[in-house]
């Protein structure tokens, strides 16, 4: 008799696949008011790839990914037009060519783009009808509303992905903190009881096309694809 495959076990939410709640207690966002703010402290967050900074403004505190060379008791400005690293401004007040991170998709959502360690986008063009074009590291350009906010600078922790994990255990605990499954192995490499594609018997892989109405245990592989294979 077979047993539940990984996708089923993760969906059930057992302790094996449940994320640590403490890791996600700090939420990134922007304050409701404007003015001069101060960095209270630098914070380590297991859920984020970069260190966070706790910022205080008018008896309100919020968290942001730390920018390069940020330090405690540093003063930054929320709002205004001063283009200085660490300041939080509207896109319309940021000069073309400046690096920005934690960019809002819609005005007031607290920031959705460029939040991982070492990342930054560039304000590339100011268009008509209150639109700003932002260029991402992937060379993709996204047009956003001029009232979306962003933080000037580049997120700290650049190059942290270059440092290798010396042991598999270190990588396991790193991934577990973010509720990521590790190690990941191919379906055909496991036993037949662990997955519909299991065993393989010489890697003769079964069809990976799953029916649209297949139950969760069988809904693996290609979900009703229009086509498969290489384009010729």
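For the stretch 112-123, indicate whether the set of residues that are in contact with a helix residue (DSSP H, G or I) (Cβ under 8 Å, 6 or more places away or on another chain) and either under 30 Å from residue 177 (Cα atoms) or in a strand (DSSP E or B) (or both) is non-empty. It would help to see each step written out before you state the result.
Of all residues in the stretch 112-123, those in contact with a helix residue (DSSP H, G or I) (Cβ under 8 Å, 6 or more places away or on another chain) come to 123.
Checking which are either under 30 Å from residue 177 (Cα atoms) or in a strand (DSSP E or B) (or both) leaves us with 123.
Checked against the condition, which is being in contact with a helix residue (DSSP H, G or I) (Cβ under 8 Å, 6 or more places away or on another chain) and either under 30 Å from residue 177 (Cα atoms) or in a strand (DSSP E or B) (or both), the stretch 112-123 yields at least one hit.
Residues in the stretch 75-96 that are within 16 Å of residue 124 (Cβ to Cβ) and either in contact with a helix residue (DSSP H, G or I) (Cβ under 7 Å, 6 or more places away or on another chain) or assigned to a loop (DSSP other than H, G, I, E, B) (or both): 83, 94, 95, 96.
Restricting 62, 71, 67, 24 to residues that are buried (at least 17 other Cβ atoms within 10 Å of the Cβ) and farther than 19 Å from residue 119 by Cβ narrows the list to 62.
Somewhere in the stretch 197-208, is a residue more than 29 Å from the chain's Cα centre (by Cα), in contact (Cβ under 8 Å) with a residue 24 or more places away in the chain and in a loop (DSSP other than H, G, I, E, B)? Yes, the conditions are met somewhere in the stretch 197-208.
The condition of being outside any helix (DSSP H, G or I), modelled with pLDDT under 95 and under 23 Å from the mean Cα position of the chain (by Cα) holds for residue 49. Against the list (1) in contact (Cβ under 8 Å) with a residue 24 or more places away in the chain; (2) in contact with a strand residue (DSSP E or B) (Cβ under 8 Å, 6 or more places away or on another chain); (3) on the phi > 0 side of the Ramachandran plot, the condition residue 134 fails is (3).
From the list 188, 193, the one residue that fits, being more than 19 Å from the chain's Cα centre (by Cα), surrounded by 14 or more Cβ atoms within 10 Å (Cβ to Cβ) and at pLDDT below 95, is 188.
Here is a list: 222, 173. Which entry is modelled with pLDDT of 80 or more and more than 30 Å from residue 21 (Cα to Cα)? Step through it out loud before you land on a result.
On the way: 173 fails: more than 30 Å from residue 21 (Cα to Cα).
It is 222.
Quick grid of which residues meet (1) touching a strand residue (DSSP E or B) at 6+ places or on another chain (Cβ under 6 Å); (2) within 30 Å of residue 20 (Cα to Cα); (3) at pLDDT below 95; (4) not assigned by TED's automatic domain parsing to the domain that holds residue 28:
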site	(1), (2), (3), (4)
79	no, no, yes, no
104	yes, yes, no, no
109	no, yes, yes, no
138	no, no, yes, no
148	no, no, no, no
165	no, yes, yes, yes
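Of the set (1) surrounded by 12 or more Cβ atoms within 10 Å (Cβ to Cβ); (2) within 19 Å of residue 48 (Cβ to Cβ), all apply to residue 162 but (1).
Considering only the stretch 29-46, state which residues are crowded, with 17+ Cβ neighbours inside 10 Å and either outside any strand (DSSP E or B) or touching a helix residue (DSSP H, G or I) at 6+ places or on another chain (Cβ under 7 Å) (or both). Break it down stepwise before answering.
In the first step, residues of the stretch 29-46 are kept if they are crowded, with 17+ Cβ neighbours inside 10 Å; the result is 30-31, 37, 39, 45.
Residues satisfying the conditions are 30, 31, 45.
The values are calculated or read from the model by the stated rules, or taken from the named source; none is laboratory data. Here the structure is a predicted model, which is why all the values come from computation and not from measurement. Glycine also receives a Cβ, built like all others from the backbone with ideal geometry; neighbour counts cover every protein chain displayed.
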